[in-house]
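Report on the following structure.
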Amino acid sequence: MIPRRLVAYTHDLAAVALCWYGAYWLRFNLSLPEEYLRGAIRTLPLLFAVYAPAYWLMGLYRGIWRYASIMDLRRIIVAVFAGAIAVAAAVFMLRIPSVPRSVLVLHPILLVLIMGGSRFAYRAWKDHALYGRIDLNGEPVLVLGAGNAAERLLRELDYSLDWKVVGLLEDSAGRAGREVRGRKILGSIDDVALWAEKLDVKRAIVAMPEASQAGRRRAMEAAVQAGLSVLTVPSLEDLLSGNVAVSQMRQVQLEDLLGREPVQLDDRRLLGWLGEKVVLVTGAGGSIGSELVRQIIRFKPRLLVLYELSEFALYQIEEELSTSLPSIPTVYVVGDVKDVHRLDQVFATYKPSLVFHAAAYKHVPLMENENAWEAVRNNVLGSKCVAEVAQRYEVEEVILISTDKAVNPTNVMGASKRLAERVLCGLQEPEGTRFVTVRFGNVLGSNGSVIPKFREQIARGGPVTVTHPEIVRYFMLIPEAAQLVLQAGLMGQGGEIFVLEMGEPIRIADLARDMIRLTGFSEDEIRIEFTGLRPGEKLYEELLTDSEHTLPTPHPKLRVAQAEAAPDTDWQLNLEQWLNEPAPATAQALKLRLQKFVPEYSPQL
C-alpha cells in the first residue's frame with residue numbers, strides 16, 4: 001500500500017470515530033451522559049467494520065488530495081451515506097441500545113464536512129489560496145478574457161515565478177470589479193492601453209479560445225495597438241483535443257490578426273468525392289499545392305500522386321508526409337506540366353479520377369519582362385496540356401487554381417492566368433471531364449508573399465519596404481484557401497469560375513506596421529520605406545471582370561461567376577499556334593500579342 005494512501009485511509013477512519021462522538025455531543029447539547037458514552041464506544045467496532053471496506057471499495061483513494069475536485073466530493077458523499085444506511089440498518093436489526101436516531105442523521109453530515117473539508121483545505125493550502133501568492137518578482141501581465149480558459153490559465157500561472165497577473169479585462173457587462181482567483185476584472189478590453197500604462201505592463205495574454213474569431217482578433221488588435229507584446233492561449237479545438245494545455249502560450253502571429261472564421265466543409269460529401277479515388281496534384285511542392293495535399297489526405301484517397309517540377313520542393317513534402325502520415329499511399333513524380341509525354345505516362349500509369357492543377361509561375365515582377373514568355377508557356381500551355389491529357393484519360397474533374405490578378409490584369413502573370421481560365425472554358429464539353437476554376441487572392445505565408453519578406457527585413461533591423469502607402473490586397477490563410485478549393489471542386493458541374501469570399505482588403509502598410517509591433521519593435525526602431533509600384537503591380541486587386549457577375553452558392557464563402565461565352569475553335573487554334581512559336585523578340589511584342597487573347601489586359605508598355 002502506498003504510504004500516502006495509508007495516511008489518508010487512517011485519517012478517514014479517525015474521522016469516523018471523531019464524528020461519531022461529535023454527533024452524540026451535539027445530540028445532548030454539548031454534554032455526554034455516561035450511559036451514552038459507553039454505548040458510543042461499544043458501537044465503534046461496528047462503524048469501522050462498515051466504513052473501512054466502504055471507503056476502499058468506493059475508490060476514495062484513487063484521487064490525489066493536491067488535486068481534490070467535485071468528483072472526489074461525490075465519491076465521499078456516496079461512500080458516507082452508503083455506510084450510514086448500513087450502520088442504521090445494523091443498529092435496528094441488532095437492537096443496539098443507546099444509539100439515538102438523531103445521531104444516525106448527524107454522523108454522516110459531520111463525516112462529509114470533515115473528510116471533504118480536509119481535502120479541499122489541503123488543496124487550498126497547496127494552491128496558496130489560504131494566504132495568497134507572493135509574486136513580487138514576476139513580470140506584470142494583463143489577461144484579456146475572464147472565462148473558463150482565463151481561470152485555468154490563472155490557476156497554472158499560480159506556480160510560475162516568471163509572471164504576475166495584475167488584472168483581467170473582460171467585455172461582459174456588469175463584471176467589472178469582480179474577481180477570478182483573486183485577480184480583479186479591471187474593465188473592458190478596449191481599455192487595455194489605459195491599464196497597461198497605469199500598471200506599467202508590457203505584456204498581455206489573450207485567453208479567449210471560446211470567443212468568436214472576430215472577438216479574439218479585436219482583443220489582439222487592441223493589445224498590439226497598445227504597444228504590448230501579446231501572447232495567446234491555444235485554440236479551443238486544440239484544448240478540446242487534449243493535445244495542449246492552456247498554459248502552452250505562443251506569440252500572436254499575423255495570421256491571428258487576420259482572423260478569418262473557420263471553413264465549414266461538407267465532410268460527408270467530400271469523403272464520398274475524394275475517398276478511395278486516385279487524386280493527382282500538380283505543383284504539389286508549392287505552398288498551395290502542398291496544403292491541398294495535406295487537406296486531401298484527410299479524406300483517405302486510394303492513391304495520391306504528387307506531380308512537381310522542383311526536386312527540392314518534392315523532397316520536402318515527401319519528408320513531411322513519410323514522417324507524419326506514413327500509411328497514406330503516395331507517389332512522388334518529378335515532371336513538367338508542359339511535357340505532354342511525361343503527363344501521358346503518369347496518367348496512363350495511375351489513371352487519376354481528380355486533378356488539382358496548382359502548378360504556376362505567380363511572382364508578378366519576376367514574370368513581367370525577362371521571364372514573360374516562360375510565364376505564358378507555364379501558366380497557359382501547362383494548363384492546356386494538363387487539361388487535354390485529362391480529357392484523353394477520362395478524368396472526372398480538373399480544378400484550376402487561379403488568382404484575383406487574372407481580373408482586368410495589368411501584368412503578364414495575371415493575364416496568363418486569365419488566359420488559362422479561358423482555355424479550360426473552351427475545352428469544356430457537355431459530357432466528359434469537368435473543368436472548374438477557383439479564383440482567390442493572396443494567401444498569408446505563401447512562397448513569394450510579402451510576409452516572409454517582411455520577417456526577413458525586420459530580422460535584419462529594417463527598413464521594411466512597401467511599394468505604395470495606399471496599396472491594398474485581399475488575404476486569406478493557406479489552409480482556408482485549400483479547404484475552399486476542395487469545396488468548390490465538390491460543387492463544380494463544369495465550366496464555372498468559383499470566387500472565394502476574401503473579406504475586406506487589407507492595406508499592406510498596415511500589415512507591415514502590425515508585423516513590426518508583433519515582433520516587439522516600434523516604427524521608430526524599424527522604419528517603413530515606400531519604394532514605388534513595381535512593374536505590372538496594381539494598387540488594388542479585383543475578383544471579377546467588368547463582364548462578370550456572381551451568384552451565391554450553398555456555401556457562404558463561395559460564389560460562382562457567370563463568365564463570358566467560351567472562345568471559338570479559331571481562337572483555340574490561333575492560341576495553340578502562338579504557344580508553339582519561338583519566344584517573341586521583346587517583352588513588349590509579347591504583351592501586345594497577349595492582349596489579343598485577353599482583351600481586358602492593360603499592359604504597361
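The values are calculated or read from the model by the stated rules, or taken from the named source; none is laboratory data. Everything quoted here is computed from the prediction, not taken from an experiment. Note that each Cβ is placed from the backbone with ideal geometry, even for glycine, and that neighbours are counted across all protein chains shown. We work out accessible area using only protein heavy atoms, side chains counted, and drop any ligands, DNA or RNA first. Shrake-Rupley method; radii C 1.70, N 1.55, O 1.52, S 1.80 Å.
In summary, the lysines within cross-link reach of LYS351, defined as a Cα separation below 23 angstrom excluding same-chain residues under 8 places away, comprise LYS277, LYS300, LYS338, LYS384. When the chain is described by a simple charge dipole with +1 on each Lys and Arg Cβ and -1 on each Asp and Glu Cβ, the residue from ALA82, PHE475, ALA284 located farthest towards its positive end is ALA82.
Rounded to 0.05, the FRET efficiency of the ARG101 and TYR9 pair, given R0 = 30 Å and the Cβ-Cβ distance, is 0.55. Candidate cross-link partners of LYS591 among the lysines, defined by an alpha-carbon separation under 16 Å and a same-chain spacing of 8 or more, comprise LYS405, LYS417. Oblate is the label for the stretch 297-436. Its Cα gyration tensor axes, ordered a ≥ b ≥ c, give a/c of at least 1.5 and b/c at or above a/b. Note on CYS19: accessible area approximately 10 square angstrom, rounded to 10, probe 1.4 Å, nucleic acids and ligands left out. Each Lys and Arg Cβ is given +1 and each Asp and Glu Cβ -1; about its Cα centre, the stretch 385-450 then shows a dipole of about 400 debye.
Counting only heavy atoms of the protein chains and using a 1.4 Å probe, TRP56 has close to 100 Å² of accessible surface. Solvent-accessible area per residue in the chain equals 47 Å², computed with a 1.4 angstrom probe and all protein chains kept. Ranking PHE435, VAL99, GLN604 by Cα position along the charge dipole of the chain, where only Lys, Arg, Asp and Glu carry charges on their C-beta atoms, puts VAL99 farthest toward the positive end. Taking the Cα centre of the stretch 463-527 as reference, the dipole from Cβ charges on Lys and Arg (+1) and Asp and Glu (-1) amounts to some 120 debye. Need one word for the stretch 556-605: rounded, prolate or oblate. Basis is the Cα gyration tensor (sqrt eigenvalues a ≥ b ≥ c); a/c below 1.5 gives rounded, then a/b vs b/c decides. Oblate, because a/c is 1.5 or more while a/b does not exceed b/c.
On full extension of the chain, what length is gained from LEU194 through ARG455, given 0.36 nm per residue of separation minus the C-alpha to C-alpha distance? Each step should come with its number before you reach the end.
Working: separation 261, 0.36 × 261 = 93.96 nm, distance 2.94 nm.
Full extension of this stretch gives 91.0 nm more.
Ignoring any ligand, DNA or RNA, what whole percent of the accessible area of the chain comes from carbon and sulfur when the probe is 1.4 angstrom? Of all accessible area on the chain, carbon and sulfur atoms account for 55 percent. Fully extending the segment from GLU576 to GLU501 would add 23.7 nm, taking 0.36 nm per residue of separation and subtracting the current Cα-Cα distance.
Where does the Debye-calculated log10 I(q)/I(0) of the stretch 1-64 sit at q = 0.25, 0.29 Å⁻¹, using only Cα point scatterers of equal weight, no solvent? Listed by q, the Debye log ratios stand at -1.02, -1.22. Estimated at the nearest 10 Å², the accessible area of SER98 is 20 Å² with a 1.4 Å probe. Between helix 311-324 and the chain there is an angle of about 20 degrees, using the helix long axis and the longest principal axis of the Cα atoms. For the chain, the longest principal axis of the alpha carbon atoms and the long axis of helix 3-27 meet at an angle near 50°.
Where a ≥ b ≥ c are the square roots of the eigenvalues of the C-alpha gyration tensor, would you call the stretch 367-474 rounded, which needs a/c under 1.5, or, failing that, prolate if a/b is larger than b/c, or oblate? Judged from the Cα gyration tensor, the stretch 367-474 comes out prolate (a/c at least 1.5, a/b above b/c). Stretching ALA49 away from GLN588 to a fully extended chain increases their span by 184.0 nm, per 0.36 nm per residue minus the current alpha-carbon distance.
Projecting the Cα positions of LEU304, TRP25, VAL230 onto the charge dipole of the chain (unit charges on Cβ atoms of Lys, Arg, Asp and Glu, taken about the Cα centre) puts TRP25 furthest along the positive direction.
Suppose every Lys and Arg Cβ carries +1 and every Asp and Glu Cβ carries -1, with no other charges. What dipole size does the chain come out with about its Cα centre, to the nearest 20 debye?
Details: 66 positive and 71 negative charges, 701 e Å.
The dipole magnitude comes to about 3360 debye.
Using just its DSSP H runs of length 4 or more, each adding -39500 (n - 2.57), the chain gives a mean residue ellipticity at 222 nm of -14500 deg cm²/dmol after division by all residues. Candidate values (i) 17, 42, 30, 10, 1; (ii) 16, 33, 29, 17, 4, 0; (iii) 16, 35, 25, 15, 7, 1, 0 were compared with P(r) over Cα pairs in 20 Å bins from 0, in percent computed on the shown model; the agreeing label is (iii).
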